[in-house]
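S.K.: A single structure is presented below for examination.
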Amino acid sequence: MGRNLFAVELEERQKSSKGTSAASRKKGKGKLSKAERQRLQKEEEERRQREEEEARLLAELAEAERLEKERLEQEEIERLEAKQLEHRGEELEELRMVLEEKLEAAEKWKSDLRIYAKWDRFMLCDGSPDPTVPQEINTFLSLWAEEKHEDFQSVLKKSILVLNLIKELEFLLHETPSDSLPEKHVAHYQQTILELQNLLHCKFNNATEHLLKNAVALSDIDTGNMQTVIKNINVTLYIWANLNKNPRFRGYAFPEEAFRFDLPKPLALCSIAVRMFHTNYDHLSHQSLTFHPRIKEVEESKPADTMVLESSTGDWKPTEEDHKTTAESVIGTDEEMKSEGRKSVISSLSPRGETKSVSEAHGPTGEEPDKRTDSQLGDTSEDHSPSPLLNDDGHGDVLEDDVVDLRQFTSLGGVYYFDVLKLPPQCKQVNSWTMVQLLEGGLQTYCYPQESLLSTSFGVSQTERDIDILISPPVAVTFRIPNNVIFFEEPQVARWDPESKNWKTDAITDKIYSAELKELSFKMNAFHTFTLIQDSHLNMPYQSWELKPKGVNEVILTIISAFTELQLEIKDDRCMLSSLSSTDGDLSHLIGVWMTPLALKIAMKSAGLDVFPAEDSEKYVSINKKNEQAEKTAYREMAALSPSFAFGWSKWNLNSGYEQIVVKVKEHFKPDLPNDDSWSLYMLSTQRTQRLKITESSLAFSGNLYDHSEFHSTLYHILRDHSSAEAMERLKPAHHLFVDCVYQLLHLTKVLTYS
């Protein structure tokens with residue numbers, strides 16, 4: 001009523017002001033006196049003051065209305081918050097029954113599976129040693145080391161068993177939770193892996209020497225030299241022996257294998273052999289300090305995966321999630337999940353430290369690995385202090401020039417051991433006897449370029465250095481990159497430095513890459529072991545993502561990056577890479593193959609498809625950092641709700657701040673429904689969950705609550721308010737292994753922070 005009277009008064013004042021102005025204009029037709037002008041000025045001043053007063057009253061009225069509206073809204077928010085806190089304990093307990101019991105059941109099933117697997121391994125009785133039993137694995141190493149004069153085929157056959165034993169130990173380290181694996185077992189497994197790698201490399205050296213002793217018998221009639229290719233699923237050996245010593249010889253090509261090398265002219269008359277040994281695995285990268293995360297050793301211990309939403313009433317206490325945590329791998333696969341108790345053990349087991357081998361701890365092996373060929377197959381057996389890795393400038397993360405940071409880059413396609421070897425004395429047939437001269441030291445490398453005063457003395461002129469380069473020209477290599485690896489950019493080459501135990505990009509020149517033929521050629525100043533590297537974070541951050549149901553206990557996770565679009569399908573307790581938008585390689589070994597989430601992660605990273613951030617990837621990628629507890633809770637709830645609801649990337653997640661997560665959700669319990677724009681936005685935090693009033697097409701971000709909506713402690717309960725009963729009913733029969741598998745994949749890809 002007061003507002004109406006005030007409006008009537010304003011109207012009368014405005015009419016009076018208009019009448020005065022009209023009268024003034026009529027009188028203005030004649031000449032105005034001084035008194036008249038003063039009167040008009042006074043009236044104009046009074047009119048202006050009245051208008052200012054009216055504007056002030058209107059502003060006060062609008063401000064009062066705004067404050068009243070905010071007061072009412074705040075009262076409503078406080079009422080909703082109080083209601084949410086009142087029911088918080090009930091909601092958390094209900095969520096525990098819906099979600100936590102499923103994850104706990106999945107962890108119990110996996111724990112039982114590990115026990116059964118251990119029993120099955122004990123009952124296997126196939127002649128292979130159990131790598132977890134020191135007596136068995138030590139006996140295996142000792143007996144194999146004592147075997148002499150094995151040919152390459154025999155070593156290849158035995159190498160399959162050795163690599164399987166290494167994978168078995170890796171599986172135990174990766175899949176077993178840290179609280180279920182004692183530290184002494186971790187140390188033993190890590191040491192066993194190193195010992196198996198060392199002995200395998202030594203055996204390949206010995207087999208190469210045995211092969212070269214029969215080079216004359218295996219020589220080619222046309223060329224007079226020996227050239228051969230030996231391979232299996234894991235390794236390929238290209239070897240050429242210079243028996244003819246033709247001064248005009250410039251190189252040799254293995255046409256069927258698409259490999260060629262150009263022999264430097266000074267080596268044309270030397271008794272040498274050129275070996276290219278390509279392994280599909282990488283037993284070198286783990287020796288580099290850059291392979292392991294450079295994080296602070298001293299941190300406050302925190303529960304890794306605890307339920308974030310705690311009951312304010314104290315009625316329910318969340319239990320720690322027994323989800324797997326993984327140890328640092330000693331092979332070329334990054335491990336992102338922290339296992340703080342294992343870091344010191346793994347670093348102490350580095351081959352650069354002074355540690356005893358498994359064979360030394362439990363008995364002799366009977367043969368000492370060859371220590372005279374540092375470049376041959378990585379020489380993982382030698383213990384020595386490496387050169388400094390990091391610059392001594394107080395900044396621990398600053399690497400020396402040309403050192404490859406294996407936290408940022410990944411070695412792909414295996415390792416190429418490229419060596420020039422001294423040709424050993426040849427076998428001679430005398431009657432029925434085969435005679436050969438035995439030399440101490442086994443297989444020997446040929447020093448190229450020759451060591452000279454120019455490379456070791458100070459004060460050498462540039463002209464003398466140029467002469468030295470002319471005397472020792474570079475080595476040229478051309479080969480086809482592996483077809484089972486995807487390079488989204490031109491492959492980069494890094495060579496292994498055996499002194500500092502690092503991959504480096506120096507000493508490599510004249511690189512040419514043919515994308516059509518997938519052939520790479522370059523030159524090196526010497527015979528180096530090399531590998532191909534690619535940025536691990538090319539596909540990060542993601543442009544968008546979507547998780548949608550497909551069937552019973554089946555969903556599809558779609559991730560779109562700058563280079564590709566891939567789909568990960570999850571069914572029951574397995575997942576697979578179901579499709580890839582673009583690929584220039586053969587990924588038949590990967591696409592459509594069901595695996596565990598961790599196995600899929602390792603396989604995709606090995607193929608160059610890295611969409612799995614490491615624990616320190618935020619150093620190399622601009623991410624949308626969120627509260628870790630809120631993020632983990634969101635993944636858990638999304639996994640539990642995935643049978644009925646589709647989730648997707650929202651642009652407003654970038655604007656919601658550190659404590660809140662914004663995700664778009666829609667009911668999608670029928671997979672045959674058309675894809676429409678019925679997405680709703682929900683904001684999650686550690687304290688509460690709410691539906692937002694804005695949409696994906698809104699012009700600005702706002703945290704205002706959706707009309708006629710309420711706060712809840714969980715995403716599960718707020719979706720129940722806005723969804724059909726059929727959708728919520730569909731959640732009940734979801735299998736606990738399926739929910740756990742979805743959670744693992746969401747946690748590994750971290751779509752909420754890396755998109």
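Laboratory data are not the source of any read-out in this text; all were calculated from the coordinates shown. None of these values were measured; they are calculated from a predicted model. Every residue, glycine among them, receives a Cβ derived from its backbone with ideal geometry; neighbour counts consider all protein chains shown.
S.K.: Going by how many other Cβ atoms sit within 10 Å of their own, how do Met576, Met97 line up, fewest first?
M.R.: Working: Met576 18, Met97 10.
Fewest-to-most ranking of Met576, Met97: Met97, Met576.
S.K.: Multiplying the sequence separation of Thr686 and Tyr658 by 0.36 nm and subtracting their Cα-Cα distance, what value in nm do you get? If you can, show how the numbers build up before the last one.
M.R.: Values: separation 28, 0.36 × 28 = 10.08 nm, distance 1.11 nm.
Full extension of this stretch gives 9.0 nm more.
S.K.: Let me ask something else about it. Show me, for the stretch 277-293, the HN-Hα J-couplings you get by feeding each phi into the Karplus relation (A = 6.51, B = -1.76, C = 1.60, θ = phi - 60°), rounded to Hz, glycine and proline as x.
M.R.: Karplus values, whole Hz, x for Gly and Pro: 10, 9, 10, 6, 9, 10, 9, 10, 4, 5, 6, 7, 5, 6, 6, 9, x.
S.K.: Now for a different question. Going by how many other beta carbons lie within 10 Å of each one, how would you line up Arg407, Arg480, Arg66, fewest first? Walk me through the numbers before you get to the answer.
M.R.: On the way: Arg407 22, Arg480 13, Arg66 10.
The order, fewest Cβ neighbours first, is Arg66, Arg480, Arg407.
S.K.: List, in order, the whole-Hz ³J(HN,Hα) value for each residue of the stretch 685-699 obtained from phi through the Karplus relation with A = 6.51, B = -1.76, C = 1.60 and θ = phi - 60°; use x for Gly and Pro.
M.R.: 8, 6, 9, 7, 10, 8, 8, 8, 7, 6, 10, 5, 9, 5, 7
S.K.: May I pose another question? Once amide H atoms are built 1.01 Å from N in the peptide plane, which residues 5 or more positions from Asp586, or in another chain, come under 5 Å H to H?
M.R.: Excluding prolines and chain starts, which carry no amide H, the hits are Asn484, Val485.
S.K.: Note down the Stokes-Einstein diffusion coefficient of the stretch 192-271 in µm²/s, whole number, using a Kirkwood radius over alpha carbon pairs, 20 °C, and 1.002 mPa s. If you can, show how the numbers build up before the last one.
M.R.: Details: Rh = 14.3 Å.
Stokes-Einstein gives a translational diffusion coefficient of 150 µm²/s.
S.K.: Please report the relative contact order for the stretch 626-755, taking Cα pairs under 8 Å with a sequence separation of at least 6, and give it as a percent rounded to a whole number. Walk me through the numbers on the way to the answer.
M.R.: Numbers: 182 pairs, mean separation 33.9, N = 130.
Normalised by residue count, the contact order of the stretch 626-755 is 26 percent.
S.K.: Continuing with this model, one more query. Using the Karplus curve 6.51 cos²θ - 1.76 cosθ + 1.60 with θ = phi - 60°, work out ³J(HN,Hα) for each residue of the stretch 548-553 in order, rounded to whole Hz, and write x for Gly and Pro.
M.R.: 9, x, 10, x, 5, 6
S.K.: What are the residues whose amide H is under 5 Å from the amide H of Asn502, where those residues sit 5 or more places off or on another chain and H is modelled from the backbone?
M.R.: Asp497
S.K.: Could you line up Cys125, Cys270, Cys447, Cys202 from fewest to most neighbouring Cβ atoms inside 10 Å?
M.R.: Details: Cys125 7, Cys270 16, Cys447 11, Cys202 27.
Lowest count first: Cys125, Cys447, Cys270, Cys202.
S.K.: Volume per residue, Å³, of the convex hull around the alpha-carbon atoms of the stretch 544-749? All intermediate terms of the calculation are to be shown ahead of the outcome.
M.R.: Working: hull volume 27.0 nm³, N = 206.
Hull volume normalised by residue count: 131 Å³.
S.K.: Below 15 angstrom from the Cβ of Arg574, what's the summed charge of the other residues (Lys, Arg +1; Asp, Glu -1)? Before the final figure, lay out each step's value.
M.R.: Working: positive: Lys110, Lys550, Lys571, Lys601; negative: Glu175, Glu554, Glu569, Asp572, Asp573, Asp740.
Net charge around Arg574: -2.
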